Amino acid sequence: GFHTDVARAAGRHGIETLVVDGKMVPVEGFTKLERFKEHTIDALVGELEKPDAKTTDEIVRRALALGHGTARIVDARGRASVLSTEMNCPSCSRAFEPLDPRLFSFNSPHGWCMHCRGFGEVWSEMLGTGKEFDSQIEAELDEERRHEGLEDSEPRPCPVCKTARLNETALHVLVDGHSIHDFTKAPAADSLSLTEKLNFSGPRAGIAREVVAEIQQRLKFLATVGLDYLSLDRSAKTLSGGEAQRIRLAAQLGSNLRGVLYVLDEPTIGLHPRDNARLLDALEALTKKGNSLVVVEHDEETMRRADRILDLGPGAGRRGGEIVASGTLDEIMKSPDSLTGKALREPSPHPSRGSRRPVATDWLSVKGISLHNVSKVDVRIPINRLTAISGVSGSGKSTILRGVVVPAVRDALSRSKTRKLLEHCTELTGIEPLGGVLEVDQSPIGKTSRSTPATYVKVLDDIRALFATLPASRMRGYTNSRFSFNNEGGRCEACLGQGVIKLEMNFLPPSYMPCQDCLGRRYNPATLEIEYNGKSIGDVMDMTIEQASEFFSAHPKIQRPLALLVETGLGYLQLGQPSPTLSGGEAQRLKLVTQLARRPTARAEEVRTTRRGRSTLYVLEEPTIGLHAHDVAQLIAVLHRLVDEGGTVVVIEHHLDVIAEADHVIDIGPEAGADGGKIVCEGTPEQIAKSKSSRTAPFLRGVLGLKS
């Protein structure tokens with residue numbers, strides 16, 4: 001607020017000076033403060049240079065009267081202590097200000113830990129700074145400035161608050177013996193149990209009744225959308241896209257709004273089939289309140305429960321954009337042109353190859369894994385096989401694989417002298433057959449328009465070399481670099497080879513428009529005059545991968561990686577399509593194809609730089625996110641091909657078709673959080689399906705066509 005009313009009130013009480021945010025400000029001529037910034041304002045009642053009992057008594061009494069029982073004494077060094085007629089301890093004489101909701105917020109200077117400023121973690125450069133901020137935003141900006149260029153520095157838990165984020169006073173306010181951190185550090189399910197055990201009597205019961213009921217309702221909504229395994233203080237940046245979306249959905253469930261159109265984009269991301277039913281029940285509850293839902297989804301169960309389905313296609317990219325079929329589930333399944341209808345009508349058989357690979361002879365073994373909710377677990381992964389790690393969300397799959405196994409193997413294969421080997425496990429054996437570790441995630445393959453599928457797969461290098469060998473190029477003295485849109489000489493200088501011009505907008509985000517000089521083709525006219533079979537380098541970059549594969553059919557070095565991309569269902573992408581426009585699934589498949597397309601010499605070089613071996617450990621986490629059933633089948637073919645070429649593939653996955661294709665399955669659980677972190681069963685998909693304790697087994701039986 002502006003707080004001019006505070007200054008006027010102080011003047012009426014004879015106060016001449018205010019202490020605003022630590023600085024003395026005269027009441028007369030008080031100017032309004034920044035409205036959207038948090039402020040601390042004290043009234044200066046008196047100053048004591050040579051205090052005597054009578055003067056001190058008068059000033060303290062007046063201060064307590066104006067402060068409604070609370071006052072503050074500040075010494076010459078600026079150190080403050082609180083006086084209170086109520087919030088005080090008779091034993092140590094320590095007093096506290098009245099409780100305020102801001103005291104329990106780590107986003108406010110009133111509540112955050114002064115050492116870490118509410119982050120819960122510190123970097124070594126931050127220790128001992130003691131710098132204070134007026135807001136969380138200011139603190140974050142300072143931290144960004146402080147750590148610019150220090151991305152390799154590792155945070156560690158704050159030694160003062162122990163990751164609680166709050167200051168000592170806030171953490172010592174107890175409700176039924178529990179601090180606010182006791183509630184927030186626990187999974188939502190455990191927090192719900194804590195609130196159900198709260199017992200109040202007398203006036204306290206009346207005050208707490210509605211508050212506790214509201215808290216319990218919101219925690220139950222988290223359980224409804226399958227997120228009761230999340231701790232309430234979980235950092236938002238560690239949430240998956242699906243988790244963040246379901247948190248927003250949980251908030252909407254409690255709003256009781258009606259007549260709202262909700263649009264959800266793949267809300268089942270990251271959900272185990274067991275939890276799908278609860279989520280779909282929650283969505284149907286929204287429709288029963290008079291709301292409308294539009295859900296973009298590939299999940300079969302979601303489609304089966306939908307009232308109406310719009311199927312887009314028939315293909316992807318330029319081949320899509322049409323409504324192929326529209327209607328009920330039965331109508332979609334009867335459509336001869338719908339790939340979705342075909343997938344629902346004719347489920348893929350498993351194993352797709354007719355038989356599974358025999359049991360492996362070499363195993364990677366990691367014993368005594370202990371991290372987060374996983375305690376003393378032993379894991380065995382077969383070498384040169386396809387392994388799926390399954391289990392409900394939050395059971396510990398990522399903790400085991402990406403938190404322990406991958407770092408331990410990577411550390412053992414490296415030549416670094418400073419190793420953290422066996423930091424979260426007791427024994428690692430069986431790494432001799434491995435030559436390297438590659439995590440294939442859905443992060444973008446590039447962040448600027450200069451990155452394209454052609455540059456990422458390295459096929460543009462060979463295309464440039466081909467154009468440089470043409471007679472017209474030799475006559476003009478053009479080399480490979482002439483056909484790079486990143487180099488001077490060949491690129492369009494108006495857009496510097498980006499094909500677009502950035503327009504800065506006042507008060508708005510920048511916008512981009514096609515370059516008017518090259519019309520988005522990236523190259524200058526002289527470069528575009530060089531043609532191969534009637535096509536310039538600009539024409540080639542405008543081609544789809546499928547078109548380019550046919551165009552360069554006489555050049556195996558170029559055609560092979562393009563053909564692999566077509567096989568994985570990416571033939572619709574343009575060679576020159578900016579990487580930021582690709583989806584996560586498209587980026588992940590590009591990374592996989594890049595591995596398949598690598599030349600034997602390059603593979604040998606990589607092995608020499610890590611450790612002599614014959615198998616690369618490929619690690620993927622939920623690669624089916626955003627994929628249609630048709631695309632999933634193509635992805636599975638790529639995974640099998642990686643194994644056939646000597647790779648060891650480990651996939652964390654909920655998609656039943658991928659699990660059913662694995663040579664070996666490790667099922668983690670049985671539940672999430674503290675009730676998970678154990679290996680429930682392991683073996684072939686058929687062996688997993690027979691388990692009585694596995695949460696995956698009932699659904700896997702249906703996909704494999706086995707009797708219950």
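For T387, state whether it is in a strand (DSSP E or B), among the hydroxyl-bearing types (S, T, Y) and closer than 26 Å to E682 by Cα. Here the answer is yes, as T387 does meet what is asked.
Being touching a Pro at 6+ places or on another chain (Cβ under 7 Å), in a helix (DSSP H, G or I), touching a residue at least 24 places away in the same chain (Cβ under 8 Å) and surrounded by 14 or more Cβ atoms within 10 Å (Cβ to Cβ) is a property that does not hold for L344. Kindly provide the set of residues from region 155-172 that are within 11 Å of F104 (Cβ to Cβ), assigned to a helix (DSSP H, G or I) and not small (G, A, S), ordered by number. Within region 155-172, T169, L171 meet the criteria. Looking across region 670-691, just one residue is in contact (Cβ under 8 Å) with a residue 40 or more places away in the chain, among the hydrophobic types (A, V, I, L, M, F, W, C) and open to solvent by less than 20 Å² (accessible area, probe 1.4 Å), and that is I688.
Please find, within region 507-533, the residue that is farthest from the chain's Cα centre (by Cα) out of those that are of a type in the set (A, V, I, L, M) and more than 17 Å from Y478 (Cβ to Cβ). Within region 507-533, the match that is farthest from the chain's Cα centre (by Cα) is L519.
If you scan region 173-183, which residues turn out to be part of a loop (DSSP other than H, G, I, E, B), over 20 Å from R117 (Cα atoms) and in contact with a helix residue (DSSP H, G or I) (Cβ under 9 Å, 6 or more places away or on another chain)? Listed by number, the residues that qualify are L174, D176. The number of residues in region 484-508 being surrounded by 13 or more Cβ atoms within 10 Å (Cβ to Cβ) and either in contact with an Asp or Glu (Cβ under 6 Å, 6 or more places away or on another chain) or not small (G, A, S) (or both) comes to 11. Screening L438 with (1) over 18 Å from F552 (Cα atoms); (2) in contact with a Lys or Arg (Cβ under 7 Å, 6 or more places away or on another chain); (3) open to solvent by 20 Å² or more (accessible area, probe 1.4 Å) gives one miss only, at (2). If you go through region 441-467 and keep only what is open to solvent by less than 30 Å² (accessible area, probe 1.4 Å), within 21 Å of F552 (Cα to Cα) and not in a helix (DSSP H, G or I), you end up with T452, V457.
Each row is one residue, and each column tells you yes or no for (1) surrounded by fewer than 17 Cβ atoms within 10 Å (Cβ to Cβ); (2) touching a residue at least 24 places away in the same chain (Cβ under 8 Å); (3) assigned to a strand (DSSP E or B).
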site: H39; (1), (2), (3): yes, yes, no
site: V45; (1), (2), (3): no, yes, no
site: L64; (1), (2), (3): yes, no, no
site: A71; (1), (2), (3): no, yes, yes
site: E86; (1), (2), (3): yes, no, no
site: S93; (1), (2), (3): yes, no, no
site: P98; (1), (2), (3): yes, yes, no
site: M114; (1), (2), (3): yes, yes, no
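Take the residues in region 192-237 that are over 16 Å from R165 (Cβ atoms) and of a type in the set (S, T, N, Q), then tell me which one is farthest from the chain's Cα centre (by Cα). Before you say what the answer is, go through the steps one by one.
Kept after step one, since they are over 16 Å from R165 (Cβ atoms), are these residues of region 192-237: 192-230.
Among the residues that remain, those that are also of a type in the set (S, T, N, Q) are: 193, 195, 199, 201, 216-217, 224.
Values: S193: 28, T195: 29, N199: 38, S201: 43, Q216: 27, Q217: 26, T224: 21 Å.
Result: S201.
Would you mind stating whether S235 is among the polar types (S, T, N, Q) and closer than 26 Å to G669 by Cβ? When the stated conditions are applied, S235 passes them. For the residues A186, A170, the requirement of being in contact with a helix residue (DSSP H, G or I) (Cβ under 9 Å, 6 or more places away or on another chain) and more than 30 Å from R94 (Cα to Cα) singles out A186.
When region 624-669 is filtered for residues that are more than 21 Å from P347 (Cα to Cα), in a loop (DSSP other than H, G, I, E, B) and open to solvent by 10 Å² or more (accessible area, probe 1.4 Å), the ones remaining, listed by number, are E645, G646.
In region 164-189, the residues that are over 14 Å from D233 (Cα atoms) and modelled with pLDDT of 95 or more reach residues that are open to solvent by 40 Å² or more (accessible area, probe 1.4 Å) and in a helix (DSSP H, G or I) with C-beta atoms within less than 6 angstrom, at least six apart or across chains, in these pairs: A170/F104. Just one residue in the set E97, E28, E86, E34 is of a type in the set (D, E, K, R) and either more than 24 Å from A7 (Cα to Cα) or in contact with a Pro (Cβ under 9 Å, 6 or more places away or on another chain) (or both); that residue is E86.
Picking from V379, V366, V392, which residue would you name as being part of a loop (DSSP other than H, G, I, E, B), of a type outside the set (S, T, N, Q), in contact with a helix residue (DSSP H, G or I) (Cβ under 7 Å, 6 or more places away or on another chain) and closer than 30 Å to A189 by Cβ? Before the answer, list the steps.
Details: V379 fails: part of a loop (DSSP other than H, G, I, E, B); V366 fails: part of a loop (DSSP other than H, G, I, E, B).
Being part of a loop (DSSP other than H, G, I, E, B), of a type outside the set (S, T, N, Q), in contact with a helix residue (DSSP H, G or I) (Cβ under 7 Å, 6 or more places away or on another chain) and closer than 30 Å to A189 by Cβ holds for just one of V379, V366, V392, which is V392.
Quick one: is G534 at pLDDT 95 or above and either surrounded by fewer than 19 Cβ atoms within 10 Å (Cβ to Cβ) or touching a strand residue (DSSP E or B) at 6+ places or on another chain (Cβ under 6 Å) (or both)? Considered against the rule, which asks whether it is at pLDDT 95 or above and either surrounded by fewer than 19 Cβ atoms within 10 Å (Cβ to Cβ) or touching a strand residue (DSSP E or B) at 6+ places or on another chain (Cβ under 6 Å) (or both), G534 comes out as yes. Scanning region 6-25 for residues that are open to solvent by 80 Å² or more (accessible area, probe 1.4 Å) and either part of a loop (DSSP other than H, G, I, E, B) or of a type outside the set (A, V, I, L, M) (or both) turns up R8, R12, H13, E16, K23.
The values are calculated or read from the model by the stated rules, or taken from the named source; none is laboratory data. Quick caveat, the model's predicted, so the values are computed rather than measured. Cβ atoms come from the backbone with ideal geometry, glycine included; neighbour counts cover every protein chain shown. Just so you know, the surface numbers come from the protein's heavy atoms only, side chains and all, with ligands and any DNA or RNA stripped out. Shrake-Rupley method; radii C 1.70, N 1.55, O 1.52, S 1.80 Å.
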